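A.B. asks: First the structure, then my questions, so here it is.
The values are calculated or read from the model by the stated rules, or taken from the named source; none is laboratory data. It should be emphasised that the depicted structure is a prediction, and the values quoted were computed from it without experimental measurement. Note that each Cβ is placed from the backbone with ideal geometry, even for glycine, and that neighbours are counted across all protein chains shown.
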Amino acid sequence: MDRKVSDVNILNKFTEDFCSVVNKYARYVVVSGFVAISHGRSRGTENVDIMIEGLSFVEFKKMDDVLVEAGFECLYPLKVEDIYKHLTGKLNVRYSWKGVELPNMEVKFAKDSLDDEQFETRGKIEFTGVDVFFPKIEESIAFKEEYLGSEKDLEDAKHLRLIYMDKLDEGYIEDYKEKIRRVKEWGGVLTMSRL
């Protein structure tokens with residue numbers, strides 16, 4: 001019997017394989033659309049977003065070397081020094097399996113204290129069946145509703161609200177939205193003392 005692996009299973013495997021390498025070198029969280037997709041939301045995506053804590057160049061190069069050994073490559077830029085400059089310059093880079101562009105992992109370094117806070121509250125969510133770290137669900141909802149706000153993001157948030165209907169801490173969501181508003185007000189960079 002000939003079986004085909006679903007796109008979701010491929011995306012899950014890609015994400016787990018990539019994150020298993022990153023986890024050896026840095027704390028990370030898988031964010032954005034994949035949070036909702038891993039909770040059963042049916043919507044197309046060709047990339048997964050991951051935020052990792054800032055690393056020194058030496059630490060980052062070690063991680064990049066192991067990613068390459070594991071079968072991944074950065075789509076652009078190609079030299080590790082340039083990849084690192086992009087990330088420290090608050091730009092994102094994309095990795096994929098060697099020789100293919102999709103799926104890909106959009107990688108970014110944490111940019112402010114609100115990003116850093118997600119590393120403290122992150123966790124694995126058994127419901128998803130995906131062995132990776134996610135932000136706290138309330139943080140994902142708050143970001144999608146308050147910061148991102150596109151139609152797709154609002155639908156993602158609505159889906160997560162349905163899944164966790166009786167388990168959400170609405171006070172936490174509202175407090176987190178207030179933190180997001182303050183980050184926006186201060187131009188995207190806040191220290192914890194300002195939060």
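A.B. asks: Restricted to the stretch 143-173, and to residues that are charged (D, E, K, R) and surrounded by fewer than 13 Cβ atoms within 10 Å (Cβ to Cβ), which residue is modelled with the lowest pLDDT?
C.D. replies: So, considering only residues that are charged (D, E, K, R) and surrounded by fewer than 13 Cβ atoms within 10 Å (Cβ to Cβ), the one modelled with the lowest pLDDT is 166.
A.B. asks: Consider residue 101 against the criteria (1) touching a residue at least 40 places away in the same chain (Cβ under 8 Å); (2) within 28 Å of residue 63 (Cα to Cα): it satisfies all of them except one. Which criterion is unmet?
C.D. replies: Exception for residue 101: condition (1).
A.B. asks: Another question, if that's okay. Among the residues that make up the stretch 81-90, is at least one of them modelled with pLDDT under 95 and either basic (Lys, Arg) or under 16 Å from the mean Cα position of the chain (by Cα) (or both)?
C.D. replies: Among the residues of the stretch 81-90, at least one is modelled with pLDDT under 95 and either basic (Lys, Arg) or under 16 Å from the mean Cα position of the chain (by Cα) (or both), which makes the answer yes.
A.B. asks: Go over the candidates 147, 95 one by one and state the one that is part of a helix (DSSP H, G or I), in contact with a helix residue (DSSP H, G or I) (Cβ under 8 Å, 6 or more places away or on another chain) and among the hydroxyl-bearing types (Ser, Thr, Tyr).
C.D. replies: One residue alone meets the criteria, 147.
A.B. asks: For the stretch 96-106, state whether one or more residues are surrounded by 14 or more Cβ atoms within 10 Å (Cβ to Cβ), in contact with a strand residue (DSSP E or B) (Cβ under 6 Å, 6 or more places away or on another chain) and among the polar types (S, T, N, Q).
C.D. replies: Yes, the stretch 96-106 contains a residue that is surrounded by 14 or more Cβ atoms within 10 Å (Cβ to Cβ), in contact with a strand residue (DSSP E or B) (Cβ under 6 Å, 6 or more places away or on another chain) and among the polar types (S, T, N, Q).
A.B. asks: Taking the stretch 117-139 only, how many residues are out of contact with any Asp or Glu (no Cβ under 8 Å at 6 or more places or on another chain) and closer than 17 Å to residue 40 by Cβ?
C.D. replies: The qualifying residues number 7.
A.B. asks: Right, another one. Please enumerate the residues belonging to the stretch 1-33 that are touching a strand residue (DSSP E or B) at 6+ places or on another chain (Cβ under 6 Å) and modelled with pLDDT under 95.
C.D. replies: Listed by number, the list holds a single entry, 32.
A.B. asks: Same structure, new question: In this structure, does residue 138 turn out to be surrounded by fewer than 20 Cβ atoms within 10 Å (Cβ to Cβ) and of a type outside the set (Gly, Ala, Ser)?
C.D. replies: When the stated conditions are applied, residue 138 does not pass them.
A.B. asks: Tell me yes or no: at least one residue of the stretch 124-131 is assigned to a helix (DSSP H, G or I), at pLDDT 95 or above and among the acidic types (Asp, Glu).
C.D. replies: No - not one qualifying residue is present in the stretch 124-131.
A.B. asks: What is the residue count in the stretch 62-80 for residues that are farther than 27 Å from residue 117 by Cβ, at pLDDT 95 or above and not hydrophobic (A, V, I, L, M, F, W, C)?
C.D. replies: The qualifying residues number 5.
A.B. asks: How about the stretch 75-84: which of its residues are assigned to a helix (DSSP H, G or I), out of contact with any Pro (no Cβ under 8 Å at 6 or more places or on another chain) and without any contact (Cβ under 8 Å) to a residue 24 or more places away in the chain?
C.D. replies: If the condition is that a residue be assigned to a helix (DSSP H, G or I), out of contact with any Pro (no Cβ under 8 Å at 6 or more places or on another chain) and without any contact (Cβ under 8 Å) to a residue 24 or more places away in the chain, then 80, 82 are the ones that fit.
A.B. asks: Just a yes or no: is a residue in the stretch 35-51 of a type in the set (S, T, N, Q), under 30 Å from residue 154 (Cβ atoms), loosely packed, with under 13 Cβ neighbours inside 10 Å and at pLDDT below 95?
C.D. replies: yes
A.B. asks: A further question on this structure: Could you tell me whether residue 59 is within 27 Å of residue 135 (Cβ to Cβ), outside any strand (DSSP E or B), more than 18 Å from the chain's Cα centre (by Cα) and not hydroxyl-bearing (Ser, Thr, Tyr)?
C.D. replies: Yes, satisfied.
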